[in-house]
Every structure is written in C-alpha cells, then in structure tokens.
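Comments concern the structure below.
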Amino acid sequence: EDIWVLLLNMDLSSVANVHHGGGFGLGSSSAYLANAKDVQPHVDMIPETADCRFVGDVDGLISEYKSQEGEMKWNFASGMKNRVKKCTNCGKPNAFTLSTCNSCGNDLSQTELSFTNNIFMGFALGVQKGPFPFVISMRNQDDNYVVFDDLLALSPCHLNAIPTSTYIPDFRYLLASEAGKAIAFDLRARCVKVFQEQFWGNDAWRKKNIRGSADMSFDDMAHHLITGFNYPPSQYQLHLQFFAPPLMPFHYQAYLNDVHFTKGRFIPFEYFSAITNLSVTFETKEDTQLEEIFAFYKKHGVDYDEVWQKCFDRYGESHRLLANWDPADFDSVVVGKDVFQINHSTGALAPDSTTLANDLVNKDKLALQNYGRPYASGKPTGTYYKFSKVPSAITAFL
C-alpha cells in the first residue's frame with residue numbers, strides 16, 4: 001500500500017511492511033506526519049482589544065480581595081485555584097485523575113497533586129498574568145460569555161466557551177435545572193456560530209483543512225463536530241470543549257492511543273443533551289462522583305458507556321473522512337518515538353537521530369494552530385476580556 005495513504009489515515013498498526021522509495025519496514029508500529037511547514041492558511045482572532053483589569057497575578061488578586069470574600073456570592077479564594085497533576089515534561093496542568101498527559105503523552109502515574117491558577121476565572125476577572133500573561137485568543141465576547149481558541153489545540157479549530165458572570169466549577173452543577181441546560185446549549189451555539197462564521201466561512205482555510213468541503217453544506221459538516229465537557233476538568237470554571245475535525249496528526253495518534261476523549265472523563269454533548277431532556281433531574285453535591293451520575297441516568301434509559309462509545313467511534317471516523325493533511329507540508333514522520341526525515345524528491349524516509357518527537361509536537365502546534373493569530377515575531381498574541389468583572393460581581397450558579 002502507498003505509505004502516504006496510510007499516513008493520512010495515521011494508523012499503521014495493522015501493516016507488516018510498507019515500501020516506498022528505498023523501502024521502509026514499519027512492523028507493527030503506528031506513524032504520523034510531523035515537522036509541519038508553516039504553510040497552512042490561518043484564521044486571525046477578532047480585532048477587539050482591551051487592557052487587563054487587575055495588574056498582577058492570581059495570588060495578588062486573592063490577597064487584595066480576600067477580606068471581602070464574606071460579602072461575595074461565591075467561594076472566591078478556593079475558586080481561583082485548580083487541583084491538578086502538572087506534567088513534568090510539557091508543564092500542562094492535567095485533571096488529577098489522568099495517568100497520561102493529554103498534551104504530550106507523558107506518564108503521570110507518579111506525578112503528585114498540586115494546585116494551579118484557575119486561568120478561566122482569571123480571564124473573567126481580567127487578571128494580568130500567572131506564570132505567563134493571561135491574554136485570550138478571542139473569538140467572541142459579551143458581558144456574560146467568552147469564546148476563545150484553546151491554548152493547547154488538538155485540531156486547527158479547537159475552541160472553549162465559558163460563562164463569565166457566574167462561577168460554575170464543572171458540568172455536574174448544570175444537571176439540576178432547566179437554567180443549567182440552557183447555559184450548556186448557549187455555550188455550544190456560540191461555538192458553532194464562531195466556527196461557521198470565522199472558520200468554515202474562510203474559503204482558504206476550509207479547502208486546505210477539510211477534505212471534500214467543496215461538496216459539503218455546513219449542515220453536513222455540523223454532524224462531524226465534537227463537543228463536550230471534561231470531569232474532572234483541568235480548569236475549574238465550566239467550559240465547553242469544541243473541536244472541528246480533523247485532529248492534528250499527533251493528536252489523532254493520541255486519540256488512537258486512548259489519550260483524548262477519555263472514557264469516564266469526557267462527557268459528549270450528546271450524553272448531556274440526552275440526560276437533560278429526561279423528566280428527572282440529578283442534584284449534584286460537591287463530592288458527587290461521575291459513577292453516581294452515570295448509574296442514576298442509566299436507570300432512566302440513558303447509558304453513558306453506549307453514548308460515549310458511539311461518539312468516540314464517530315470522532316475517529318470523522319477524522320479519517322475529513323483529514324486533508326498533505327505529506328508535502330511535513331518534513332518528518334514519527335514512528336513510535338523515532339523520527340524519520342522525508343525526502344520529498346524520492347519519498348524515502350531516513351532516520352533522524354538529532355530530532356526528538358516531543359520537540360516536534362510543540363513545533364507543529366505553533367504551525368498548525370489558530371490560537372494567537374496573527375503572530376508577532378513568530379509568537380502568538382492575544383488580548384484581555386473587555387467585559388471583565390471585579391470578584392464581587394460574580395455570582396454562584398447554585
């Protein structure tokens with residue numbers, strides 16, 4: 001079989017030998033395209049800018065407003081922190097239940113729990129910085145919501161949407177009322193609108209990234225969109241995750257390795273929609289476990305395992321249908337953890353012992369993402385939320 005067909009599908013696990021150019025045996029390994037050239041069309045963020053409201057970091061904000069917490073309508077100090085496992089390889093804060101970093105794939109089994117800044121509440125409150133500036137790759141904003149590009153993009157269009165007037169730690173608190181359901185559907189609608197107007201509506205981006213898009217309507221594409229919530233989250237402010245396939249090559253390989261959309265953590269929006277359309281509601285407490293929620297709704301006819309499996313399978317099918325990655329736009333192939341350089345003249349692959357696969361993950365993210373576009377001096381840019389609040393203006397959902 002042609003190596004490029006296989007690489008576009010990003011799964012060589014069932015192939016005994018692949019010959020192209022000088023010949024290259026892959027055994028039972030998987031492979032993906034890497035070392036992307038910066039040739040992709042990009043979609044710049046909206047041209048709305050604002051300054052930060054609070055000059056300083058999260059700890060400084062807590063210190064300044066802690067004495068007023070008794071008058072606030074939410075748990076301000078604790079709400080500004082996340083309980084996580086911070087990856088020692090790439091630095092990403094991961095949910096404390098994960099055993100593998102969902103950004104770089106590093107083992108987290110021995111990583112200790114720690115507390116990090118709640119960046120999303122930092123956005124809502126206009127905090128200047130943490131370990132890095134809290135600027136936003138802005139896609140849409142108003143007094144109650146923000147839609148923005150994900151800093152750790154898994155696909156060229158990977159968005160997050162958050163409420164900004166109300167503190168809601170995670171999706172569980174939405175299950176007890178119609179108001180909670182309405183918030184979730186509003187977040188999704190805002191993401192779909194951003195994707196349709198800013199990404200799908202960009203002819204160059206759509207044609208380059210989505211195979212067959214010339215013959216697709218937006219309604220056709222909408223069936224492939226990936227949306228949902230994570231629990232536990234890495235940021236304890238409700239956020240809807242929104243992805244338009246295809247995934248980036250490395251992250252599709254991570255999907256095949258069960259690193260993304262993890263069963264028992266990722267809540268497909270289809271599941272949320274099904275359970276909130278029932279005539280029963282679930283009262284969430286702070287210590288409510290997902291297993292309790294799954295068991296409760298299974299008794300009422302909605303099985304998380306079945307919905308998750310159907311959605312998870314669809315995500316891969318959508319990627320394989322829509323992926324339009326051109327091998328000419330990449331200079332390397334990663335097989336396992338080994339890097340091979342592509343000779344574009346002959347198609348042959350040569351071992352590259354000087355390049356680390358993990359280094360290419362970061363390089364490719366910078367080349368393929370739309371976060372922080374337009375870049376300045378080769379680096380992402382951003383702005384602050386122009387409707388930022390003081391802590392006392394935030395309310396608790398429950």
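(1) 40.9, 181; (2) 21.6, 72; (3) 29.8, 105: which one is Rg and Dmax of the Cα atoms in Å as calculated from this entry?
Given (1) 40.9, 181; (2) 21.6, 72; (3) 29.8, 105, the structure-derived one carries the label (2).
So, in Å, what gap is there between the alpha-carbon centers of the stretch 85-136 and the stretch 208-226?
32 Å
Of GLN110, LEU225, LEU125, which is farthest along the charge dipole of the chain in the positive direction, counting Lys and Arg as +1 and Asp and Glu as -1 at C-beta?
LEU125
If exposed GluC sites (Glu not before Pro) are those in a DSSP loop with at most 14 other Cβ within 10 Å, what is the longest stretch of the chain that has none?
Numbers: sites that count: GLU1, GLU48, GLU112, GLU283, GLU286.
No qualifying site falls inside 113-282, the longest such stretch.
Relative to the Cα centre, what is the charge dipole magnitude of the stretch 271-362, using +1 at the beta carbon of each Lys and Arg, -1 at the beta carbon of each Asp and Glu, and rounding to the nearest 20 debye?
On the way: 7 positive and 16 negative charges, 58 e Å.
The calculated dipole for the stretch 271-362 is roughly 280 debye.
Could you list, by residue number, the cysteines of the chain that have no other cysteine's beta carbon within less than 4.7 Å of their beta carbon?
If one checks each Cβ against the other cysteines of the chain, CYS52, CYS157, CYS191, CYS311 turn up with nothing under 4.7 Å.
What percent antiparallel are the DSSP beta bridges of the chain, to the nearest 5? Could the numbers behind the result be given before it?
On the way: 45 of 49 bridges.
Bridges in the chain are about 90 percent antiparallel.
Please name which of LEU240, TRP308, ASN202 has its Cα lying farthest along the dipole of the stretch 194-324 towards the positive end, using unit charges on Cβ (Lys, Arg +1; Asp, Glu -1) and the Cα centre as origin.
ASN202
Mind checking the angle between helix 178-194 and the chain's longest principal axis? C-alpha axes, 0 to 90 degrees, to the nearest 10.
40 degrees
Applying the Karplus parametrisation 6.51 cos²θ - 1.76 cosθ + 1.60 with θ = phi - 60° to the phi angles of the stretch 227-241, what ³J(HN,Hα) value in whole Hz is obtained for each residue in order, glycine and proline being reported as x?
9, x, 10, 10, 9, x, x, 8, 10, 8, 9, 2, 8, 8, 8
Please work out the average accessible area per residue across the chain, using the 1.4 Å probe convention, and give it in Å². Please list the in-between numbers first.
Working: 17200 Å² over 398 residues.
In whole numbers, the chain has 43 Å² accessible per residue.
I need to check one value: relative contact order of the stretch 121-275, counting alpha carbon pairs closer than 8 Å and at least 6 residues apart, in percent. Walk me through the numbers on the way to the answer.
Working: 197 pairs, mean separation 38.7, N = 155.
Taking the mean separation of contacting Cα pairs over the length of the stretch 121-275, I get 25 percent.
What whole number of Å gives the distance from the Cα centroid of the stretch 264-308 to the Cα centroid of the stretch 370-398?
31 Å
Among rounded, prolate and oblate, which fits the stretch 149-265 when a ≥ b ≥ c are the square roots of the eigenvalues of its C-alpha gyration tensor, a/c under 1.5 means rounded, and a/b larger than b/c means prolate? Mind dumping the intermediate values first?
Working: a/c = 2.20, a/b = 1.44, b/c = 1.53.
Oblate shape, in that a/c is at least 1.5 and b/c is the bigger or equal ratio.
First compute the accessible area of the chain with a 1.4 Å probe, then give the percent of it belonging to carbon and sulfur atoms. Could the numbers behind the result be given before it?
Details: 8360 of 17200 Å².
Looking at the chain in its full context, I get 49 percent from C and S.
The values are calculated or read from the model by the stated rules, or taken from the named source; none is laboratory data. Here the structure is a predicted model, which is why all the values come from computation and not from measurement. Cβ: placed from backbone, ideal geometry, glycine included. Neighbour counts: every protein chain shown. All accessible areas refer to the heavy atoms of the entire protein, side chains included, with ligands and DNA or RNA removed. Shrake-Rupley method; radii C 1.70, N 1.55, O 1.52, S 1.80 Å.
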